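Have a look at the structure below, then the notes.
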């Protein structure tokens, strides 16, 4: 946790919000997406959907700690949600939660949510 001299509660650091639960790749997802961010970090998302509910989700990146933290935050929010409900997860929500650095992590939150959306679109657009 970062310490603040303003008396505000501490903001979780990237390491504190990513325990590795959602980190990794999947062999047979029902939806997958990959995006390279403007910073050069690449994010991958994998989802398994049953009865229109996301029952498993993984992300993978070799990017910075903010990118990894935002991937974990998006995955945690998606798990157990209806596919269409997961489309309401926003980068702003992740930024405001303190799960990434407020300024340096903004593009990471956008990358994570956009990649999750791409995996959802991959599922929804299957014939």
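With angles folded into 0 to 90 degrees, how steeply does helix 106-124 sit against the dominant principal axis of the chain? Use alpha carbons for both and round to 10.
With both axes taken from Cα atoms, the answer is about 10 degrees.
Under the definition of Cα pairs under 8 Å and six or more residues apart, what whole-number percent is the relative contact order of region 17-124?
Reported relative contact order: 31 percent.
Label-point separation (nm) for residue 36 and residue 124, each offset 7 Å from Cα along Cα-to-Cβ?
Computed distance between label sites residue 36 and residue 124 equals 2.7 nm.
Just the Kirkwood number for the chain, please: inverse of mean 1/r across all distinct Cα pairs, in Å, one decimal. The partial results should precede the final answer.
Values: mean 1/r = 0.0691 Å⁻¹.
It is 14.5 Å.
Quick one: work out the % antiparallel among DSSP beta bridges in the chain, nearest 5. Mind showing how you got there, number by number?
On the way: 16 of 17 bridges.
Counting only bridges with both partners in the chain, antiparallel ones make up about 95 percent.
Between 0 and 90 degrees, rounded to the nearest ten: what's the tilt of helix 65-78 against the longest Cα principal axis of the chain?
Approximately 50 degrees, to the nearest 10.
With just the Cα atoms defining each centre, how far is region 31-91 from region 98-127? Give it in Å.
Measuring centre to centre over Cα atoms gives 6 Å.
Subtracting the Cα-Cα distance from 0.36 nm times the residue separation, let me have the gained length for residue 93 to residue 50 in nm, one decimal.
12.9 nm
Read-outs: derived from the displayed coordinates by stated rules, not from any lab. On a predicted model such as this, the values are computed, not experimentally measured, just so you know. Counting neighbours? That spans all protein chains shown, and the Cβs are built from the backbone with ideal geometry, glycine included.
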